[in-house]
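Encoded as structure tokens, the structure appears first; notes follow it.
Bear in mind these aren't lab numbers, they're just calculated from the coordinates by the rules spelled out. Note that the structure is a prediction, hence the values are computed from the model and not measured. Because the Cβ atoms are built from the backbone with ideal geometry, glycine has one as well, and the counts that use them run over all protein chains shown.
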Amino acid sequence: MKHQGFVSTAVLLTSACLLYAAVKTDFDHKADFGKYHTYSWIGVTAGTSLWQDRITQAVDSALTGKGWSKVQSGGDAAVSAVGKTREQDNLETFYSGFPGWGWRAGWWGGGGMGMATTQVVPEKIGTLTVDIFDGNSRQLIFRGQATDTLSSKAEKNDKRMDKSVEDMFKKFPPKGGSN
């Protein structure tokens with residue numbers, strides 16, 4: 001019974017890791033984010049115009065939620081976003097027994113450790129990069145990047161993207177050296 005608790009915990013931890021995108025941010029530590037109040041878009045690149053619109057809406061929502069105002073052109077900051085997908089092979093291994101636990105006779109009726117089967121499962125991985133530049137100097141002042149496994153269901157991907165952008169801007173604007 002002790003081993004069942006271990007296996008259950010391992011499955012839950014693995015599942016939790018798969019539910020959340022890897023979100024990273026970086027920023028210019030010398031930038032004074034207090035001077036930025038407006039932004040305009042440079043552009044959005046993604047697979048389709050549907051995804052371009054979704055990305056734009058998610059980033060607009062995050063930035064306006066932080067008190068920034070969107071302007072058609074000439075903002076204090078300029079925003080660019082790129083969404084890409086790629087395929088990555090994932091190795092999945094299934095065991096007919098639990099190796100290393102030293103069972104003499106498994107439920108399969110034989111002795112030893114059981115059998116392992118590994119298969120290659122292709123996964124689609126999506127990456128969203130949002131860059132914010134100073135509107136005057138054109139210097140990069142903030143970069144957010146999120147990477148996640150994509151679902152075959154657009155609604156799930158839409159929710160994951162919204163959550164990733166929310167996480168990306170959770171601590172925005174960052175506390176730079178001049179603030």
| request: Note down the net charge around Gln119, summing +1 for each Lys or Arg and -1 for each Asp or Glu among other residues with Cβ under 12 Å from its Cβ. | output: -2
| In the structure displayed, which of Lys70/Lys124; Lys30/Lys170; Lys84/Lys153 lie more than 28 Å apart, Cα to Cα? | Lys70/Lys124
